[in-house]
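Participant: My questions all concern the structure below.
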Amino acid sequence: GYCGYSSGTTGEPKGISCPHRGSVLSSSHRAHHAPYAADGSDREACNVFFVWEMLRPLLQGATLVVVPDSVIYDPPALSSFLERHAVTRMLFTPSLLEAVLDSPALASGDELRRAFAAFRVVVLCGEVATAELRARVLSLAPAGLKLLNLYSSSECHDVSMVDLAATPPPEGKYCSTGPLLDGVEVLIL
């Protein structure tokens, strides 16, 4: 196993013992439900903040493109970076993706369409995804895009996941995170 350190909801630092099976289950599930291109053409962008996400493409033999800290929170720079590197996959927090979509410098939408032109998979994680965000992403994404919304925590990795592009729009304001992954058990204490 490994130990993750967190202050969690208590504000008190603590170590959390985590079995490796959580990361193995998460990686296996995503590799099966959103496989990397067999021809090696996938290029996954990731900022160093998401260490586990950096391992996913490397474990599958795909190309990892590291997004510099100076680029990740600058929507025009990030948009240009994604286009320049022909990124096909990336995990976004919904708020980061909304900041990119809301950027006045990208208001025409042309830069965004070029930035997303090569995308095959967009993963949303870390926050609640809205129906509005889902609609906006799908309106500028290429046909066939997988828009994966998942619930995850650093202690147990992915717990549930759904492809929002393959499901009907939600009836309410928020998108589902889908059913539990096979092998995941939830205990309510």
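The values are calculated or read from the model by the stated rules, or taken from the named source; none is laboratory data. Computed from a prediction, not measured in an experiment: that's the story for all the values here. Glycine also receives a Cβ, built like all others from the backbone with ideal geometry; neighbour counts cover every protein chain displayed. Just the protein is used for accessible areas: all its heavy atoms, side chains included, with ligands, DNA and RNA removed. Shrake-Rupley method; radii C 1.70, N 1.55, O 1.52, S 1.80 Å.
Participant: Residues with amide H under 5 Å of ARG120's amide H, sequence separation 5 or more or different chain, H placed in the peptide plane at 1.01 Å from N; which?
Facilitator: Distant-sequence amide H within range of ARG120: ARG89.
Participant: From the C-alpha gyration tensor of the range 118-189, pull out the three semi-axes of the equivalent ellipsoid (sqrt of 5λ each), sorted largest to smallest, in whole Å.
Facilitator: 23, 14, 10
Participant: Something else now. For the chain, report the accessible area per residue in Å² (1.4 Å probe, heavy atoms, rounded to an integer).
Facilitator: That works out to 54 Å² per residue.
Participant: Counting only protein heavy atoms and a 1.4 Å probe, tell me what percentage of the chain's accessible area is made up of carbon and sulfur.
Facilitator: The nonpolar share, carbon plus sulfur, comes to 58 percent.
Participant: What range in the chain is the longest one free of GluC sites (Glu not before Pro) that are in a loop by DSSP and have at most 14 other Cβ atoms within 10 angstrom?
Facilitator: So the longest stretch without any such site is 1-126.
Participant: So how compact is the range 1-116: Cα radius of gyration and Dmax in angstrom?
Facilitator: 16.6, 48
Participant: On the Cα set of the range 49-164, report Rg and Dmax in Å, please.
Facilitator: Cα-based Rg and Dmax for the range 49-164 come out at 13.6, 40 Å.
Participant: Let me ask something additional. Using a simple spin-label model with points 7 Å from Cα along the Cα→Cβ vector, what separation in nm is obtained for ALA107 and GLU171?
Facilitator: 3.8 nm
Participant: Right, here's the next one. Averaging the inverse of every distinct alpha carbon separation and then flipping it gives the Kirkwood radius. What is it for the range 71-122, in angstrom units?
Facilitator: 10.8 Å
Participant: List the relative contact order of the range 1-60 as a percent without decimals, with contacts defined as Cα pairs under 8 Å and 6+ residues apart.
Facilitator: Rounded, it is 22 percent for the range 1-60.
Participant: Could you calculate the contour length gain from SER6 to SER139, that is, 0.36 nm times the residue separation minus the distance between their Cα atoms, to one decimal place in nm?
Facilitator: 44.1 nm
Participant: Hey, what does the equivalent ellipsoid look like for the range 1-57, semi-axes from the Cα gyration tensor as sqrt of 5 times each eigenvalue, largest first, whole Å?
Facilitator: Working through the eigenvalues yields semi-axes of 29, 14, 8 Å.
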